[in-house]
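To start, the structure under review is shown below, and the notes come after it.
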Amino acid sequence: MFKYGIVILNYNSHSDTIDLTNNLLSFNITSLKIVIVDNCSSREGFDEVIAKFLTLPNVHVIENKENRGYGYGNNIGIKYLLDSGVRYILISNPDIEINSPYVLHEMFRIIKENKYPVIAPQVLNVQSQIINPSNRKRPSNEEIEKIRLRHSTVFRYIYYFILCIIYLLSFNKWNRKRKNFDHNPSIKTTEVYRVHGSFFMIDLKFFITNNIFPVFDENVFLFFEEYIIAEKVKSNEGKILLLNYVNVLHKEDASQKKDILNRIKYEIMASRALGYVYNNYFKVCK
């Protein structure tokens with residue numbers, strides 16, 4: 001019987017999905033069930049994933065006939081594992097690289113032995129910058145109010161206009177700069193408000209017992225899912241734990257298009273998602 005599982009959501013990222021699945025299989029962890037959920041990718045990419053893993057007993061591939069978003073896809077994989085009797089589940093982006101089975105063993109050990117419904121390792125990007133700061137706290141009431149104003153309808157379209165001007169003036173070369181976070185590796189574990197959504201583990205029992213299942217809110221197509229999970233955990237007196245002493249690499253969607261139209265589409269989707277989070281989670285969890 002599988003003791004824990006991992007959901008890998010694939011959407012036209014079959015190369016990364018295959019690499020991560022092979023990465024996991026190389027560890028020979030017989031207690032780990034791998035579930036690949038294809039979110040209505042191109043036929044060619046999906047067929048390649050199927051050809052690689054269909055006959056393996058510890059890998060299961062699910063094909064979604066439509067792409068209803070990140071949360072919906074992950075919920076499909078979680079439901080499959082739940083029906084299989086699996087309680088502890090890793091959620092992973094395809095573009096993750098794990099350097100040792102020790103990372104998985106430690107996460108599984110910690111979540112079983114402690115009462116944390118969500119845990120995560122440190123996540124590094126390709127520049128070796130940390131993505132999970134250990135001092136991450138919930139936004140203050142003042143910051144939440146700024147979120148409300150920034151993502152109201154009027155300000156949203158002003159923001160889109162300014163963004164177009166910035167792109168045109170920079171000849172489409174502008175991009176957001178990542179913040180550099182302080183990191184103290186001597187601190188092994190830290191309770192944090194939220195963790196990066198690219199790689200974390202959940203205890204399904206907490207979500208089911210507290211009637212906050214399914215884990216992901218399917219009203220959000222993409223972005224800020226980790227805020228929703230953080231608010232669900234906080235509102236039910238749970239805590240989230242960051243393991244600073246183990247890490248994974250996040251390659252961060254190297255194939256993502258950077259032209260102005262795709263960037264504007266990206267920003268519109270992100271703004272709408274954050275507005276939804278404010279209206280449905282921040283307002284009720286002060």
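The values are calculated or read from the model by the stated rules, or taken from the named source; none is laboratory data. All values derive from a computational prediction rather than experimental measurement. All Cβ positions, even for glycine, are placed from backbone atoms using ideal geometry, and neighbour counts span all protein chains on display.
What tally of residues in the stretch 186-227 results from selecting those that are within 23 Å of Pro133 (Cβ to Cβ), assigned to a helix (DSSP H, G or I) and without any contact (Cβ under 8 Å) to a residue 60 or more places away in the chain?
2
Determine, yes or no, whether Arg68 is in contact with an Asp or Glu (Cβ under 8 Å, 6 or more places away or on another chain), surrounded by fewer than 21 Cβ atoms within 10 Å (Cβ to Cβ) and of a type in the set (Lys, Arg).
yes
Kindly indicate which of Lys33, Lys52 is within 19 Å of the chain's Cα centre (by Cα), farther than 23 Å from Leu222 by Cβ and charged (D, E, K, R).
Of Lys33, Lys52, the one residue that is within 19 Å of the chain's Cα centre (by Cα), farther than 23 Å from Leu222 by Cβ and charged (D, E, K, R) is Lys33.
Quick check on this structure: which one of Lys137, Lys112 is at pLDDT 80 or above and part of a helix (DSSP H, G or I)?
None of the others qualify; the one that does is Lys112.
Let me confirm something: among Gly5, Gly45, which residue is surrounded by fewer than 21 Cβ atoms within 10 Å (Cβ to Cβ) and either touching a helix residue (DSSP H, G or I) at 6+ places or on another chain (Cβ under 6 Å) or outside any helix (DSSP H, G or I) (or both)?
After ruling out the rest, the residue left standing is Gly45.
List the pairs whose first member sits in the stretch 232-260 and is buried (at least 17 other Cβ atoms within 10 Å of the Cβ), whose second member is of a type in the set (Lys, Arg) and at pLDDT 75 or above, and whose Cβ atoms are under 6 Å apart, counting only residues at least 6 apart or on separate chains?
Short answer, once both residue conditions are applied: Asn244/Lys188.
Give the number of residues within the stretch 1-43 that are of a type in the set (D, E, K, R) and without any contact (Cβ under 8 Å) to a residue 12 or more places away in the chain.
1
For Asn132, indicate whether it is within 25 Å of Gly73 (Cα to Cα), in a loop (DSSP other than H, G, I, E, B) and modelled with pLDDT of 85 or more.
yes
Any chance the stretch 74-81 includes a residue that's surrounded by fewer than 21 Cβ atoms within 10 Å (Cβ to Cβ), under 25 Å from Leu20 (Cβ atoms) and modelled with pLDDT under 95?
No, the conditions are met nowhere in the stretch 74-81.
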